[in-house]
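Chemist: One structure is given below, represented as structure tokens, and several questions about it will come after.
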Amino acid sequence: MSTPAPPHYTSVPPWTREPVVESPDATGTAFTVLAVGTGSDATGAAAIVDAWLPTLPVGAPVQVHTSEDVAGAIAAMRTDLAGARVGHRVLVAGSATDCLAVRAAALGSSLMDSELTVGVTSVATRAVWCVHCSATTIAEAGLEDVVTCPSCRKDLVVYPHVSRRTGAHLGFQVDAETLPAGVTA
């Protein structure tokens with residue numbers, strides 16, 4: 001018996017599967033640098049930001065923001081981007097869940113992936129969007145693990161797909177393709 005092929009991760013950035021710290025784009029002309037998180041994620045994010053800062057071009061405007069939550073980081077980024085010109089780069093350090101949320105907001109603000117640098121401190125949690133009730137939950141889960149939706153109580157597969165718009169993984173009922181007992185096709 002052969003082992004099934006691994007799922008195709010076309011929409012799942014590699015930094016959501018294991019912590020990765022990307023190198024900043026040195027061609028940028030201005031930078032927004034975000035450190036997001038609490039506890040060990042905050043400590044890790046601060047260390048990543050401290051490593052990035054000396055690599056940025058000398059004389060380039062740099063705005064550094066620290067936030068305990070992703071909403072604060074997104075607000076700071078949007079404020080900086082309101083006056084941005086071509087060449088502005090956004091660097092975000094934090095958990096994969098926080099980085100995906102900031103990435104979604106950045107893409108929604110017309111940035112491209114190439115204008116965003118990510119430094120991930122942990123991949124232990126994931127935002128999972130339920131296709132059945134549209135609730136999003138944050139859960140400790142790996143790809144293809146099962147989590148329970150707190151809204152509709154369905155057991156969801158954490159599917160290896162990430163929405164660029166919402167920054168959440170797709171979740172659908174684990175036994176959605178299984179017929180109930182006594183029912184035949």
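Throughout, read-outs are computed from the coordinates displayed, never taken from laboratory work. The model shown is predicted, which means the values in this text are computed figures rather than measured ones. Note: ideal-geometry Cβ built from the backbone for every residue, glycine included; neighbour counts use all protein chains shown.
Chemist: Could you give the alpha-carbon Rg of the chain over 2.2 N^0.38 Å, rounded to two decimals?
Modeler: So the chain has a normalised radius of gyration of 1.16.
Chemist: Okay, moving on. For the range 75-185, what is the Kirkwood hydrodynamic radius in Å, using each pair of distinct C-alpha atoms?
Modeler: So the Kirkwood estimate lands at 15.5 Å.
Chemist: While we're looking at this one, here's another question. Given the DSSP H assignment, sum -39500 (n - 2.57) over each helix run of at least 4 residues in the chain and divide by its residue total; what's the result at 222 nm in deg cm²/dmol, nearest 500?
Modeler: -7000 deg cm²/dmol
Chemist: Evaluate E = 1/(1 + (r/R0)^6) for VAL146 and GLN63, where r is the Cβ-Cβ distance and R0 equals 41 Å; express this FRET efficiency to the nearest 0.05.
Modeler: It comes to 0.50.
Chemist: Once you wrap a convex hull around the alpha carbon atoms of the range 86-147, what is its projected area averaged over all directions, in nm²?
Modeler: Result: 4.9 nm².
Chemist: Name the residue, out of ALA168, ALA51, ALA93, whose mean-square fluctuation peaks in a Gaussian network model built on the chain with Cα pairs under 10 Å.
Modeler: Fluctuation is largest for ALA51.
Chemist: Please work out the FRET efficiency for the pair THR125 and ALA75, using the Cβ-Cβ distance as r and a Förster radius of 30 Å; give the result to the nearest 0.05.
Modeler: Efficiency at R0 = 30 Å is approximately 0.90.
Chemist: Using a Förster distance of 22 angstrom, determine the FRET efficiency expected from the C-beta separation of ALA176 and VAL20, and round it to 0.05.
Modeler: Given R0 = 22 Å and the Cβ-Cβ separation, E is 0.10.
Chemist: Just to confirm my understanding: which cysteines in the chain have no other cysteine beta carbon less than 4.7 Å from their beta carbon?
Modeler: If one checks each Cβ against the other cysteines of the chain, CYS99 turn up with nothing under 4.7 Å.
Chemist: Which one, PRO19, GLY72, SER40, is farthest towards the positive end of the dipole of the range 14-120 when Lys and Arg carry +1 and Asp and Glu -1 on their Cβ?
Modeler: GLY72
Chemist: Compute the label zone of MET112 within the range 52-94: residues whose backbone N is under 18 Å from the point 7 Å along Cα-to-Cβ.
Modeler: 84-91
Chemist: Okay, moving on. Diagonalise the Cα gyration tensor of the range 14-120 and give the resulting equivalent ellipsoid semi-axes, square root of 5 times each eigenvalue, largest first, whole Å.
Modeler: Semi-axis lengths for the range 14-120 are 19, 15, 13 Å.
Chemist: Output the peptides 151-160, 132-141 sorted from most to least packed, where packing is the average of other Cβ atoms within 10 Å over each peptide's residues.
Modeler: Descending mean neighbour count gives 151-160, 132-141.
Chemist: Hey, what D do you get for the range 125-173 in µm²/s if you plug the Kirkwood alpha-carbon radius into Stokes-Einstein at 25 °C and 0.890 mPa s?
Modeler: 243
Chemist: Something else now. Considering only the chain, what is the antiparallel percent among its DSSP beta bridges, to the nearest 5?
Modeler: DSSP beta bridges in the chain are roughly 40 percent antiparallel.
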